[in-house]
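Asker: Before I ask anything, here is the structure I am working with.
The values are calculated or read from the model by the stated rules, or taken from the named source; none is laboratory data. Worth saying up front: this structure is predicted, and the values here are computed from it rather than measured. Methodologically, a virtual Cβ is constructed for each residue, glycine included, from the backbone with ideal geometry; neighbour enumeration extends over all protein chains shown.
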Amino acid sequence: MRDLLCRNIMNIIDVKHHQKYVMFDDDRIEDILYQYLLELKPECKKNIDDFMEVNRCYIQSIAKDDLSLEDNNLFFENLREFKRQYLM
C-alpha cells in the first residue's frame, strides 16, 4: 500500500520524474518529502513548512503504512492544492 501512496505523491508533485517515487518509500518520508519540495521551490519555504505542519499526521501515517481512505483523500487533495498554488 505504501508503494502506491509514494507513487501518487510523486505523480502529483513531479510527474516528469515519476520513476523517483521510490525515494518516498522510506520511514523518513516526512524529511524526504520536505527536502524534495524545498529543492523544487526553495523560495516557498514558509509555505512548505506550513504544508508539512498541517499534513504531518497524514505523512506519519503513510510512513507507518496506516493511512485510512478518508485521510488518504484529504492528504492528496491538500497536496494537489499545494501544487496548484506553489509548484505550477
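Asker: Here are the criteria: (1) within 14 Å of LYS83 (Cα to Cα); (2) of a type in the set (D, E, K, R); (3) at pLDDT 95 or above. Tell me which single one LYS46 does not satisfy.
Answerer: Here LYS46 meets the rest and fails (1).
Asker: Then there is this: Does region 68-80 contain any residue that is over 13 Å from ILE13 (Cα atoms) and basic (Lys, Arg)?
Answerer: Taking every residue of region 68-80 in turn, none turns out to be over 13 Å from ILE13 (Cα atoms) and basic (Lys, Arg).
Asker: Considering only residues of region 1-49 that are in contact with a Cys (Cβ under 9 Å, 6 or more places away or on another chain) and of a type in the set (A, V, I, L, M), which is surrounded by the fewest Cβ atoms within 10 Å (Cβ to Cβ)?
Answerer: Quick first cut of region 1-49, residues in contact with a Cys (Cβ under 9 Å, 6 or more places away or on another chain) only: 21-26, 29, 37-38.
Keeping just the survivors that are of a type in the set (A, V, I, L, M) gives 22-23, 29, 37-38.
Working: VAL22: 11, MET23: 16, ILE29: 20, LEU37: 24, LEU38: 14.
Top of the filtered list is VAL22.
Asker: Separate question: What tally of residues in region 36-55 results from selecting those that are under 21 Å from MET23 (Cα atoms) and either touching a Leu at 6+ places or on another chain (Cβ under 7 Å) or assigned to a helix (DSSP H, G or I) (or both)? First the steps, then the outcome.
Answerer: Residues of region 36-55 under 21 Å from MET23 (Cα atoms): 36-42, 45, 48-49, 51-53, 55.
Going one step further and asking which of them are either touching a Leu at 6+ places or on another chain (Cβ under 7 Å) or assigned to a helix (DSSP H, G or I) (or both), we end up with 36-42, 45, 48-49, 51-53.
Residues in region 36-55 being under 21 Å from MET23 (Cα atoms) and either touching a Leu at 6+ places or on another chain (Cβ under 7 Å) or assigned to a helix (DSSP H, G or I) (or both): 13 in total.
Asker: Any idea which of GLU70, GLU77, GLU53 is more than 13 Å from the chain's Cα centre (by Cα) and without any contact (Cβ under 8 Å) to a residue 12 or more places away in the chain?
Answerer: GLU70
Asker: On to the next question. I'm trying to understand the selection: among the residues of region 57-67, which are of a type in the set (Val, Ile, Thr) and either touching a residue at least 60 places away in the same chain (Cβ under 8 Å) or in contact with a strand residue (DSSP E or B) (Cβ under 9 Å, 6 or more places away or on another chain) (or both)?
Answerer: Within region 57-67, the first condition is being of a type in the set (Val, Ile, Thr), and the residues that meet it are 59, 62.
Matches in region 57-67: ILE62 only.
Asker: Pick from ASP65, ASP71, ASP27: which is among the acidic types (Asp, Glu), out of contact with any Pro (no Cβ under 6 Å at 6 or more places or on another chain) and assigned to a helix (DSSP H, G or I)? So that I can check it myself, show each step before the final result.
Answerer: Numbers: ASP65 fails: assigned to a helix (DSSP H, G or I); ASP27 fails: assigned to a helix (DSSP H, G or I).
Only one candidate passes the filter, namely ASP71.
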